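Some notes on the structure that comes next.
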Amino acid sequence: PYLTQKLCKAIIEAKGSRWSDEQTDQVVHDLFLSQEAGKEENITFVRDFILNQANRRNLLNTYRQVLRGKEVSDNERSPIINQLKLAGLVKTEEGYLQNRNAIYRQLFDEQWVKKNMPINWPLMAAITFGLIAALLIIYFVAGWWQAGRAEDAALALLTTGTPTPTGTF
């Protein structure tokens, strides 16, 4: 209701007799989607509410599912869903979460979610550990294989007196 009231007030104050869709879109852009509109208190409330939650990762992951059109069931016992509703980002329709309005969908889009998603440090540590372990395994296997080739070449040289065809000795 707040966004609608603010839009209606702006249109009334502009005193136009007839409004085209393009004119209305321009007022919406000026009020809510422009750089200056980022300071609008309702928008800053929603942004700050989400970004200051301890469970921000879960909030953003759930909200991303809604943005992508996935069927996220409304669970009144879920703190995540209740926080998304309280922030005003989602509403319930036919038992599933939907974006509350097109303005929030544009402001708080997937790019915004990605930009504000906290880094998952445990996952990053696990990936790093896995890569280091894989590199160490490759290093030792390659060393073992190279040592075996050198041993075979030395043995061939000792027994036949000629170097191996690979030219190792």
Can you find, within segment 76-99, the residue that is nearest to the chain's Cα centre (by Cα) among those that are within 23 Å of Ala54 (Cβ to Cβ) and basic (Lys, Arg)? Lys85
Filter result for the condition that a residue is open to solvent by 40 Å² or more (accessible area, probe 1.4 Å), among the polar types (S, T, N, Q) and assigned to a helix (DSSP H, G or I), over Gln5, Gln53: Gln5
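Determine, yes or no, whether Gly88 is more than 15 Å from Met117 (Cα to Cα) and loosely packed, with under 13 Cβ neighbours inside 10 Å.
no
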Here are some conditions: (1) loosely packed, with under 13 Cβ neighbours inside 10 Å; (2) touching a residue at least 60 places away in the same chain (Cβ under 8 Å). Ser20 meets all but one. Which one does it not meet? (2)
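Scan segment 24-38 and tell me whether some residue there is assigned to a loop (DSSP other than H, G, I, E, B), under 26 Å from Pro118 (Cβ atoms), open to solvent by 50 Å² or more (accessible area, probe 1.4 Å) and among the polar types (S, T, N, Q).
yes
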(1) in a helix (DSSP H, G or I); (2) open to solvent by less than 40 Å² (accessible area, probe 1.4 Å) all hold for Asn61 apart from (2)
Selection within segment 42-58 - closer than 11 Å to Pro118 by Cα and touching a helix residue (DSSP H, G or I) at 6+ places or on another chain (Cβ under 8 Å): Leu51, Asn55, Arg56, Asn58
Conditions (1) more than 21 Å from the chain's Cα centre (by Cα); (2) among the basic types (Lys, Arg); (3) under 26 Å from Glu94 (Cβ atoms) -> Lys39 fails only (3)
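The values are calculated or read from the model by the stated rules, or taken from the named source; none is laboratory data. Since we're looking at a predicted model, the values are computed, not measured. Methodologically, a virtual Cβ is constructed for each residue, glycine included, from the backbone with ideal geometry; neighbour enumeration extends over all protein chains shown. To get the accessible areas, we keep the full protein, side chains included, count just its heavy atoms, and leave off ligands, DNA and RNA. Shrake-Rupley method; radii C 1.70, N 1.55, O 1.52, S 1.80 Å.
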